[in-house]
Amino acid sequence: MPNAVSSYIKLKIGIGFGLGLFVLISVQYVSNKSIKRVLTSQQALRRSSELSTQLESIKSSLIFFESKIKSYTLTGESSFLDRSTSNLRNIFAGYDSLSKLSPNENQAALIKESKSLTYQEVAFAQQILTEYEQDPARAIAFIKTGKGIELISRLTSVLDNIRNIEAVKFSELIAIDSVLTSRVVQMDIAAYLFAFLLIGISILILFHDITKREALQEELLVIQRKAEHASVIKEQFMANMSHEIRTPMNAIIGFTNRLNKTELTSEQSEYIAAVRTSGQNLLSIINDILDFSKIEAGMVRIEEIRFDLPGLLHSVCTMFDAQAKERHLAFRLQLNPELPESVSGDPTRLTQILINLIGNALKFTEQGSIDISASVVKEDERTVLIRFLVKDTGIGIPEDKISEIFERFTQAKSDTNRIFGGTGLGLSIVKKLVELQKGTITVKSISGQGSEFTVEISYRKAAAEKVLLPLVSSDSTLLSRNSRIRILVVEDNLLNQKLAGFILKEWGFQFDIAANGKIALEKLRESNYDLILMDLQMPELNGYDTTLVIRQDLKLTIPIIAMTAHALPGEKEKCLTLGMTDYLSKPINEIELFDLLTKHLFTANTKF
């Protein structure tokens, strides 16, 4: 009997051990299989990420190539054609790379179509250059046919379709990867439980499992590093794009404004207006992209500043008076009598919100009226809730599109961008800026009859404060005062040097020009200046390093205003951290420059 029991026990132990070993092996087999599938999924994710990155690179390069051709045609500056050939090679090399990243049949067909459209765009650009060599005016007229815009629009649409297909694939891969990763974790837990029963075997299995897990982690780290590297490349590209476009735009818009102040024939005035409008439209697109980038990166800070609310509303509306009159639109501003004169909040963001909404209303309204109003919704002892209303009689928004209108890159109709222009980012930026201030935005619209946007933001009450007088005036006393002030302009671009010189000379300031930071330091050692206008990207010594030398080595407290075409998230904060006094992005707005000079030369300085 004992022998029978012993045999029974041994049998149960043997069966249990065998079952445990079988289960453990099964668990490990499933785990290993899942790990392999995770690795395969990660490789697919990496290829998908590379394909999306390559698409963005091709898209950006195409837009960059077209802008260079147009800039050359408008200005005649041959430097815009530098690296055009290498840029084209990169574009077509990008198409070759796309074909190697395992696109599906639909994507392959779209890639072939976009490559064909790119050849048409290159041929169109070559035709523009040929026309330009024969007759610049004919080349400009050729550009105005809209063929280039149509090609770029079609190219962008095709590339976006490829990316959208890839986005769907990427989402599916993410979901599969999440399930597989969860399964691997579950298998690991089961393996650890059975390891207590089978110590000897489990050691070998665990060693094998750990080795594979480490390989997976290493693979994930490699993918993470590549993703971070891609992000850095994207940020650098944004910085370069901003600088390369804003630098010539500063000269184009600045000299256009200067030229508009001279005596012109009606035909010349029409040409100047066309150039200025085109420049402002291009600048608006760049600003939308950069503003959205700042918001996405979390670099927008809501300030608490006391400001004149009715004055701000009148100023914003004044900006659009001329446009409304040109289009024969009734343009009205109505302020509630209970509206407080002074509140505490962020006037810059409110201005940005109103400019976007009013600009949209003007863009989409061909006849009728635009009404802007501000009223008090409710108030208590410390705060007041203000409702801002922008109502137009424009094309309106279809009912099925109202819920999507605040999404990025979204417009009411597919042909809206082609007819009216824009990036489709304006309302998305407005919504985010409103929400950052803990406000709300709603829209009512009837297609063909108009739209009504309502924004409600709460502000703290504040006592009205005295408004400072403007810096620039024709008064001879002010000009005499300005003539005692010496300003050092540190700028490497010749056109921007001349533009700054014209502006400062008109205001009566004395000024010197330094082509880079090294020359600026020499002038500061030899002479005394009251303020520095400092460009950031320069040869020899850039603006950042020059400022450090001025503050740390020369020990000078002179106000330094950064002037830069790099209008990216964190740029202003970086400048202020390095010791600069203030920040002004290009293209230079003369009114903003007035305000900064007033602030740092006269408001806070009793010397003058």
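Looking for something open to solvent by less than 60 Å² (accessible area, probe 1.4 Å), polar (S, T, N, Q), on the phi < 0 side of the Ramachandran plot and modelled with pLDDT under 70 - is there at least one such residue anywhere in the stretch 132-154?
No, the stretch 132-154 has no match at all.
Can you say whether residue 333 is more than 26 Å from the chain's Cα centre (by Cα) and either at pLDDT below 85 or farther than 26 Å from residue 367 by Cα (or both), as far as the supplied structure shows? Spell out the reasoning first.
Numbers: more than 26 Å from the chain's Cα centre (by Cα): yes; either at pLDDT below 85 or farther than 26 Å from residue 367 by Cα (or both): no.
Taking the combined requirement at face value, the residue does not satisfy it.
Of the conditions (1) at positive phi; (2) open to solvent by 80 Å² or more (accessible area, probe 1.4 Å); (3) at pLDDT 80 or above, residue 435 clears all except one; give me its number.
Going through the list (1) at positive phi; (2) open to solvent by 80 Å² or more (accessible area, probe 1.4 Å); (3) at pLDDT 80 or above, residue 435 breaks only (1).
Which residue is modelled with the lowest pLDDT, if the candidates are limited to the stretch 446-505 and must be farther than 21 Å from residue 341 by Cα and of a type in the set (Lys, Arg)?
Restricting attention to the stretch 446-505, the residues satisfying the condition of being farther than 21 Å from residue 341 by Cα are 446-453, 471-505.
Subset that is of a type in the set (Lys, Arg): 481, 484, 486, 498, 505.
Details: 481: 67, 484: 83, 486: 91, 498: 84, 505: 85.
The extreme case among them is 481.
Among the numbered criteria (1) closer than 21 Å to residue 254 by Cβ; (2) at pLDDT 85 or above; (3) over 32 Å from the mean Cα position of the chain (by Cα), which single criterion is violated by residue 521?
Result: residue 521 fails condition (1) only.
With the checklist (1) crowded, with 16+ Cβ neighbours inside 10 Å; (2) closer than 30 Å to residue 46 by Cα; (3) under 28 Å from the mean Cα position of the chain (by Cα); (4) touching a residue at least 24 places away in the same chain (Cβ under 8 Å) in hand, flag the one item residue 115 doesn't pass.
So the condition that residue 115 fails would be (4).
Take residue 359 and tell me if it is at pLDDT below 90 and either open to solvent by 60 Å² or more (accessible area, probe 1.4 Å) or within 20 Å of the chain's Cα centre (by Cα) (or both).
On the way: at pLDDT below 90: yes; either open to solvent by 60 Å² or more (accessible area, probe 1.4 Å) or within 20 Å of the chain's Cα centre (by Cα) (or both): yes.
When the stated conditions are applied, residue 359 passes them.
So residue 183 passes all but one of these: (1) charged (D, E, K, R); (2) open to solvent by 50 Å² or more (accessible area, probe 1.4 Å); (3) at pLDDT 75 or above. Which condition number does it fail?
(3)
With modelled with pLDDT under 70 and open to solvent by less than 20 Å² (accessible area, probe 1.4 Å) as the only criterion, which of 102, 48 stands out?
On the way: 102 fails: open to solvent by less than 20 Å² (accessible area, probe 1.4 Å).
The match here is 48.
Provide a single number: the residues in the stretch 526-536 that are out of contact with any Ser or Thr (no Cβ under 7 Å at 6 or more places or on another chain), touching a residue at least 12 places away in the same chain (Cβ under 8 Å) and of a type outside the set (A, V, I, L, M).
Filtering the stretch 526-536 down to residues out of contact with any Ser or Thr (no Cβ under 7 Å at 6 or more places or on another chain) leaves 526-533.
Checking which are touching a residue at least 12 places away in the same chain (Cβ under 8 Å) leaves us with 527-533.
If we keep only those that are of a type outside the set (A, V, I, L, M) as well, we get 527-530.
Adding up the residues that qualify gives 4.
Results for (1) of a type outside the set (Gly, Ala, Ser); (2) within 12 Å of residue 392 (Cα to Cα), shown as yes or no for each residue.
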| site | (1), (2) |
| --- | --- |
| 327 | yes, no |
| 330 | no, yes |
| 336 | yes, no |
| 342 | no, no |
| 348 | yes, no |
| 358 | yes, yes |
| 362 | yes, yes |
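Tell me, which residue of the stretch 381-394 that is closer than 15 Å to residue 445 by Cβ and of a type in the set (D, E, K, R) is surrounded by the most Cβ atoms within 10 Å (Cβ to Cβ)?
Taking the candidates together, the pick is 392.
What number goes with the only condition from (1) out of contact with any Gly (no Cβ under 9 Å at 6 or more places or on another chain); (2) open to solvent by 20 Å² or more (accessible area, probe 1.4 Å); (3) in contact (Cβ under 8 Å) with a residue 40 or more places away in the chain that residue 168 does not pass?
Of the numbered conditions (1) out of contact with any Gly (no Cβ under 9 Å at 6 or more places or on another chain); (2) open to solvent by 20 Å² or more (accessible area, probe 1.4 Å); (3) in contact (Cβ under 8 Å) with a residue 40 or more places away in the chain, the odd one out for residue 168 is (3).
Looking at residue 502 and the list (1) within 18 Å of residue 254 (Cβ to Cβ); (2) in contact with an Asp or Glu (Cβ under 8 Å, 6 or more places away or on another chain); (3) open to solvent by 70 Å² or more (accessible area, probe 1.4 Å), which single condition is not satisfied?
For residue 502, the exception is condition (2).
For the stretch 525-554, how many residues meet the condition of being under 19 Å from residue 581 (Cα atoms), open to solvent by 20 Å² or more (accessible area, probe 1.4 Å) and in a helix (DSSP H, G or I)?
7
Please go through the stretch 305-325 and pick out each residue that is among the charged types (D, E, K, R) and either at pLDDT 85 or above or in contact with a helix residue (DSSP H, G or I) (Cβ under 8 Å, 6 or more places away or on another chain) (or both).
306, 308, 325
Quick check: anything in the stretch 367-380 open to solvent by 60 Å² or more (accessible area, probe 1.4 Å), at pLDDT 90 or above, under 33 Å from the mean Cα position of the chain (by Cα) and basic (Lys, Arg)?
no
The values are calculated or read from the model by the stated rules, or taken from the named source; none is laboratory data. Note that this is a predicted model, so its numbers are computed, not measured. Cβ: placed from backbone, ideal geometry, glycine included. Neighbour counts: every protein chain shown. Note: accessible area is taken over every heavy atom of the protein model, side chains too, but ligands, DNA and RNA are not part of it. Shrake-Rupley method; radii C 1.70, N 1.55, O 1.52, S 1.80 Å.
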